[in-house]
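The values are calculated or read from the model by the stated rules, or taken from the named source; none is laboratory data. All figures in this text were calculated on a predicted structure; none of them were measured in a lab. Positions of Cβ are backbone-derived with ideal geometry, glycine not excepted, and every protein chain shown enters the neighbour counts. Just so you know, the surface numbers come from the protein's heavy atoms only, side chains and all, with ligands and any DNA or RNA stripped out. Shrake-Rupley method; radii C 1.70, N 1.55, O 1.52, S 1.80 Å.
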Amino acid sequence: MNTILRKSILGVAGLAFTGGVFAGPVAAHAAETTHVAKPVSVSVQGDKLIPHGVQGEQSRIDLNDEQTANVKAIIAATKKAGMDERAAVVSIATALQESKLENLGHLGDRNDHDSQGLFQQRPSSGWGTVEQITDPEYSTTAFLKGLKQVDGWQDMPLTKAAQTVQVSAYPDHYAQWEQQAADLVAEHWNK
């Protein structure tokens, strides 16, 4: 693809993303308190992780022991699947958006259809049984299997890679978690 055409496409995509962020609907978890930080670029230092570019303002939440254990489970499943740190960043950012890293069961009237687990996967959509998708290793492996099927996921914006797998009603909301996900992977990958 020539450079001018590529820049044009990327420019349009940037406008579409910006429009979605400022005009898009509010996520189900919007009422929760989050810390918003300006986008920060992470540089290469030894074995530090480099996110592939943080889009927009970033959200951050404080994690409890259960959420931290789920981060570690996502990282372990990513390693077991033979995938790299970038896959873990995409997975953790997705789980931050979908469940705030809480392994959610059925939420009754507050539930989005039959979505459950860290990634809000649906048994009725073929992600697995309730028991499977509420198992952090299984649900991460299922997410990663979907991610592997996305051509070029390693080089696309995190929110696009996550959305291609998840097919969310709020496709741009994954981007806000990239910095925290990258920080968590950098902190826990080698432990």
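Pop the C-beta distance of residue 57 and residue 151 into the FRET formula with R0 = 35 Å and round what comes out to the nearest 0.05.
About 0.75, to the nearest 0.05.
Ranked by accessible surface with a 1.4 Å probe, highest first, in what order do 187, 178 come?
Sorted by accessible area, descending: 187, 178.
How much net charge surrounds residue 71 when only other residues with a Cβ under 12 Å from its Cβ are counted (Lys, Arg +1; Asp, Glu -1)?
-2
For region 157-191 and region 78-96, what is the separation of their C-alpha centers, rounded to whole Å?
9
Using a 1.4 angstrom probe with every protein chain in place, what is the largest-first accessible-area order of 189, 127?
127, 189
Between residue 80 and residue 65, what length comes free when the chain is fully extended (0.36 nm per residue of separation minus the Cα-Cα distance, one decimal in nm)?
3.2 nm
Classify region 60-141 as rounded, prolate or oblate, taking a ≥ b ≥ c as the square roots of the eigenvalues of its Cα gyration tensor: rounded when a/c is under 1.5, otherwise prolate if a/b is larger than b/c and oblate if not.
Verdict is oblate for region 60-141.
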